[in-house]
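**Q** Got a structure here, written out as structure tokens. Questions coming.
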Amino acid sequence: MALKTISLRARRALAEFLKDEAAGGYVLMVAAALALVVANSPLAEAYFGALHIYLGPLSAQHWINDGLMAAFFLLVGLEIKREVLDGQLSRPADVLLPGAAALGGVALPAVIYLAFNAGHPASVAGWAIPSATDIAFALGALALLGPRVPTSLKVFLTAIAIMDDLAAIVIIALFYTAQLHLAYLAGAGVVLAILVALNRLKVLRLWPYLLLGAVLWFLVLKSGIHATLAGVALALTVPLRADDHSPLHRLEHALHRPVAFVITPIFGFANAGLSFAGVGLAALLDPVPLGVALGLFVGKQVGVFGVAFGLIKLGWARLPRGASFGQLYGVAVLCGVGFTMSLFIGALAFKDPHLIDETKIGVLAGSLASALVGMAILKVAKPAR
């Protein structure tokens, strides 16, 4: 009975997650399109100037990327913890296919990017830009296809995107950390230890976790590690219990809509703005945009589908229920939609505004191609017999 209750709760959480993420994807698309329109209008100077206005110690863009996005990463951490302990990733048999496919979809795009940028020391740092899937955009594209796509493939895509996010968190922590300030890092360690103690003592009220989480964010910001990782660390300490009213479920439910409909659209609007003045098709052939675009469009689909196809043909995994290989390939192409996390990693990798703009060109081109081609394949792909 208990197992059945957990299963029902996990399915309800997944259904709500898919619905919110798909709807949030539409809002994010509108925000990104609006950013491009504004950046190429008479309002462009005001738009770019506003992002660099300092509000206290940080600029407006840094408050968005380091502050608001900490809530995004807090939600990502909560989703990862729930899925691993009480969801689609809680059984080893269910992890192998999306886990291995996600690994292929992280590694091959990085290899492709490096193949075009190996001789350019200034741009090598962007190797991780094409490695992540934007779940909101991808699920939004799937939702446009209606019941044509089986739910099992939406679950498969969600699992890949969650594992991509986990890989991105590890990559940011290991490769995009500035000079460390040990005193602040030690303070963050003490706060994290207190949060773990609250979990062990079965403290179920959320406010102590959130209050200490704010302190943790400040200390991590000052330590040299990217501040958004404080959100992930906080998420891992929030208690998960076998009921819908556990602290993790309550916090995840409270964050879903603000993150989907406010935070990520604000991030998209602040970071997708790109002036096309003087930018021609030849700009796509520069090493950074070409590496990012091909990493997303080619690397993702080949990495995800190639690994999944191999595992299924070897008999080590099964096709998602009710799906065909054609539909699986369409979803693999959609994994190349890498908007939010790709732009985020690009902002960490580069300080040169020219390289940041080239990153945007590559991300927009690769993501748009992946979305259009992936949806076209899924529209014509025959379902499983």
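**Q** Can you pull out every residue in region 244-259 that is part of a loop (DSSP other than H, G, I, E, B) and open to solvent by 60 Å² or more (accessible area, probe 1.4 Å)?
**A** Across region 244-259, the qualifying residues are Asp244, His245.
**Q** Show the residue pairs that are 6+ apart or on different chains and have beta-carbon atoms under 6 Å apart, the first residue being within region 228-257 and in contact (Cβ under 8 Å) with a residue 12 or more places away in the chain, the second being of a type in the set (Ser, Thr, Tyr).
**A** Val238/Tyr209; Leu240/Ser246
**Q** Among the residues of region 112-159, which ones are assigned to a loop (DSSP other than H, G, I, E, B) and closer than 21 Å to Ala347 by Cβ?
**A** Here is the first cut: in region 112-159, the ones assigned to a loop (DSSP other than H, G, I, E, B) are 118-123, 132-134, 145, 149-150.
Those that are assigned to a loop (DSSP other than H, G, I, E, B) and closer than 21 Å to Ala347 by Cβ: His120, Pro121, Ala122, Ser123, Ala132, Thr133, Asp134.
**Q** Residues to consider are Ile377, Ile361, Ile356; find the one that is in contact with a helix residue (DSSP H, G or I) (Cβ under 8 Å, 6 or more places away or on another chain), free of Cβ contacts under 8 Å to residues at least 24 places away in the same chain and on the phi < 0 side of the Ramachandran plot.
**A** Ile356
**Q** Which one is farthest from Gln327 (Cα to Cα), of the residues in region 363-385 that are in a helix (DSSP H, G or I) and in contact with a Gly (Cβ under 7 Å, 6 or more places away or on another chain)?
**A** Val363
**Q** Name the residue, out of Val307, Val292, Val262, Val333, that is within 30 Å of Trp63 (Cβ to Cβ), touching a Leu at 6+ places or on another chain (Cβ under 9 Å), in a helix (DSSP H, G or I) and not acidic (Asp, Glu).
**A** Val262
**Q** What's the number of the condition Ala125 fails, among (1) closer than 25 Å to Gly326 by Cβ; (2) in contact (Cβ under 8 Å) with a residue 60 or more places away in the chain?
**A** Going through (1) closer than 25 Å to Gly326 by Cβ; (2) in contact (Cβ under 8 Å) with a residue 60 or more places away in the chain one by one, Ala125 breaks only (1).
**Q** Moving on to the next point. I'd like to know if region 370-377 contains one or more residues that are under 16 Å from Leu153 (Cβ atoms), in contact with a Ser or Thr (Cβ under 8 Å, 6 or more places away or on another chain), open to solvent by 10 Å² or more (accessible area, probe 1.4 Å) and at pLDDT below 95.
**A** no
Per-residue answers, yes or no, for (1) surrounded by fewer than 24 Cβ atoms within 10 Å (Cβ to Cβ); (2) more than 28 Å from Phe72 (Cβ to Cβ):
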| position | (1), (2) |
| --- | --- |
| Val302 | yes, yes |
| Gly306 | yes, yes |
| Phe309 | yes, yes |
| Trp316 | yes, yes |
| Gly336 | no, no |
| Leu355 | yes, no |
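**Q** Please find, among Leu219, Leu195, Leu212, Leu234, the residue that is in a helix (DSSP H, G or I) and in contact with a Phe, Trp or Tyr (Cβ under 6 Å, 6 or more places away or on another chain).
**A** Details: Leu195 fails: in contact with a Phe, Trp or Tyr (Cβ under 6 Å, 6 or more places away or on another chain); Leu212 fails: in contact with a Phe, Trp or Tyr (Cβ under 6 Å, 6 or more places away or on another chain); Leu234 fails: in contact with a Phe, Trp or Tyr (Cβ under 6 Å, 6 or more places away or on another chain).
On inspection, the qualifying residue turns out to be Leu219.
**Q** Answer yes or no as to whether Gly346 is under 16 Å from the mean Cα position of the chain (by Cα), crowded, with 24+ Cβ neighbours inside 10 Å and part of a loop (DSSP other than H, G, I, E, B).
**A** Criteria not met by Gly346.
**Q** Among the listed residues Ala381, Ala365, identify the single one that is small (Gly, Ala, Ser) and touching a Lys or Arg at 6+ places or on another chain (Cβ under 9 Å). Explain how you work it out, then say what you get.
**A** Numbers: Ala365 fails: touching a Lys or Arg at 6+ places or on another chain (Cβ under 9 Å).
Among Ala381, Ala365, only Ala381 is small (Gly, Ala, Ser) and touching a Lys or Arg at 6+ places or on another chain (Cβ under 9 Å).
The values are calculated or read from the model by the stated rules, or taken from the named source; none is laboratory data. Nothing here was measured: the structure is a model prediction, and the numbers come from that model. For neighbour counting, all protein chains shown are included, and Cβ atoms are generated from backbone atoms with ideal geometry for every residue, glycine included. For accessibility, only protein heavy atoms count, side chains too; no ligands or nucleic acids. Shrake-Rupley method; radii C 1.70, N 1.55, O 1.52, S 1.80 Å.
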